[in-house]
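Here's the structure we're looking at; comments come further down.
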Amino acid sequence: MTQQAVRPTAPAALERIRALVEPAAQRAVDWLDDPQMRLISRYQMGWCDAQGEPTHSGGKAIRPTLAVLSAEAVIGRPDEAIPMAIAVELVHNFSLLHDDVMDRDLERRHRPTAWVAFGEGQAILAGTAMLTLAVRLLTASGLSGRRAQGCLLDTVQVLIGGQSQDLLLEQAESVTMAQVLSMEAGKTAALLACSASIGALAVGAPEPTVAGLAQFGYELGLAFQLVDDVLGVVGDPAQTGKSSSSDVRAGKRSAPIAAALTSNTPAGDRLAEMFTAGPPATDADVELATQLIIDSGGLDWAKNEADLRLDTAMQQLRALDLIDEPAAELEAIANYIVNRDR
C-alpha cells in the first residue's frame, strides 16, 4: 500500500516454489490417518472442494516461499528447506482454522470457511491435526528438522498469545496502539519472522544471518498485517474473498481502527461512541463507521506505518551477506505483499 498506483505482478518465485513445495505438502497431508481430517486439511489448503473434488483456491504461498528462499540465500539450493516450508504453511493454516471459528468468519478465499463447511468441532480438530503434522514432519527431517523445531514451536506459542490478545482487545473499552501492534506482532509478524529464517536455520546458517532474516521477516510481517488491516476496512470483497468492511463489521481493534479511536479528532470520538454500543449492527452503521475511520486519519496512519516497516525490513535484508539472486527474490516478495489489494 505504498504510493505505487499499479499493483505489481506476482514474483515468479511464488509459483516456482509452490511447484516445489505443493506436491510434497500433499504427500505430507496424506500422512493424516483420519479421512475426515485429510479432507478438511485439503479443503483448507485449497486443493479440493467440500466434497473432495480437486480444485485450486489456495493462498499466495508467501510463507513457504520465504522459508525456501532463506535457505537458497545461504546455500544456493532449496531442497533441504522444503519440509520447513511445508511446516510453516501447516502452522499458518492451523491458526486460520482456529481463528475463523473464534472470529466467526464466514468466508475465506472466496468460499465458505472450514467451520461453515464442516462444523466447528471438525474444523478445530483439523487445525490441531495440521499442527501436530507440522511437528511430525520436522521430527522426520533429521538434523535440519531438529535445528528448525524449536523455532517453529516457539512461534506457535507466540501465535496463540497473539490470538488471545486479539480476543481480549475486541472486548476492551479502550485500546492503545502499543497493544494493537503487540497483538499483530503475535498474530502475523512472528510467523513471517519464522518463515523468513527457518530455512536458513535448518541448513546451518550462522546465527547473525538467521537473526537478521528473522528481523526482516518480523518487520515485513507487521507491514503485511497493516495492509491486511486496511483491506479489512476498505478492501474490495471481489479481491479479498471476505465481506466488505469485515473488520468494521466485527468490531475488531485493528491498527487503522485503533488509530482512528486514539486520533483525538471529532471523527475518532464519534467512532468511539459507536463502538461503545458494540460492533456496527446495520449496513448503514458499517458505512458510517468506515467513513469515520477514513476521516480521522486511521487508514492513512496504517498505510504510512506499513511503508515504514517495509523500509526497515529492506534495510535488515540488505545488511546481510546473502547470495544475490534469492536475496533479490526476497525483496521482490516483500514489495509485492505490501502493495497487494487482496
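Give me Rg/Rg_expected for the stretch 1-160, where Rg uses Cα atoms only and Rg_expected = 2.2 N^0.38 Å with N residues. List each step's numbers first, then the result.
On the way: Rg = 15.9 Å, N = 160, 2.2 N^0.38 = 15.1 Å.
The reported ratio for this selection is 1.05.
Between the alpha-carbon centres of the stretch 59-135 and the stretch 175-239 there is a gap of 15 Å. If Lys and Arg each add +1 and Asp and Glu each add -1, what is the summed charge of the other residues whose beta carbon sits under 14 Å from the beta carbon of Gln51? Taking every other residue near Gln51 into account, the sum is +1. The Cβ shell under 12 Å around Val21 holds other residues with a net charge of 0, Lys and Arg each +1, Asp and Glu each -1. The alpha-carbon atoms of the stretch 213-313, seen along their principal axes, cover 44, 32, 18 angstrom, with the largest extent given first.
Counting every other Cβ atom within 10 Å of each residue's Cβ, Asp324, Asp229 order from fewest to most as Asp324, Asp229. Dividing the mean sequence gap of close Cα pairs (under 8 Å, 6+ apart) by how many residues the chain holds gives a relative contact order of 22 percent. For the stretch 121-163, dividing the convex hull volume of the Cα atoms by the residue count gives 50 Å³ per residue.
In the elastic network of the chain, a GNM with C-alpha springs shorter than 10 Å, the most mobile of Arg111, Arg63, Arg147 is Arg111. Kirkwood's formula applied to the C-alpha pairs of the stretch 12-338 gives a hydrodynamic radius of 20.1 angstrom. Candidates Gly251, Gly297, Ala117 compared by Cα position along the dipole of the stretch 12-338: farthest toward the positive end lies Ala117, with charges placed on Cβ. For the peptides 184-193, 154-163, residues were scored by their other Cβ atoms within 10 Å and the scores averaged per peptide; the highest-first order is 184-193, 154-163. A simple count of charges around Pro256, restricted to other residues whose Cβ falls under 9 Å of its Cβ and scoring Lys, Arg +1 and Asp, Glu -1, yields -2. What are the residues whose amide H is under 5 Å from the amide H of Arg108, where those residues sit 5 or more places off or on another chain and H is modelled from the backbone? Placed amide hydrogens put Thr113 under 5 Å from Arg108. Of Ile198, Ile62, Ile323, the sequence from fewest to most neighbouring Cβ atoms within 10 angstrom is Ile323, Ile62, Ile198. The amide H of Asp49, built 1.01 Å from its N in the peptide plane, has Thr55 as neighbours under 5 Å, considering only residues 5 or more places off or on other chains.
Mean-square fluctuations from a GNM of the chain, with a 10 angstrom spring cutoff on Cα atoms, peak among Glu53, Glu15, Glu120 at Glu53. Helix 35-45 and the long axis of the chain differ in direction by around 70°, with both axes built from C-alpha atoms.
Values quoted throughout were computed directly from the atomic coordinates according to the rules given, and no laboratory measurement underlies them. These figures come from a predicted structure and were not determined experimentally. In this analysis, Cβ positions are derived from the backbone assuming ideal geometry, glycine residues included, and neighbour counts consider all displayed protein chains.
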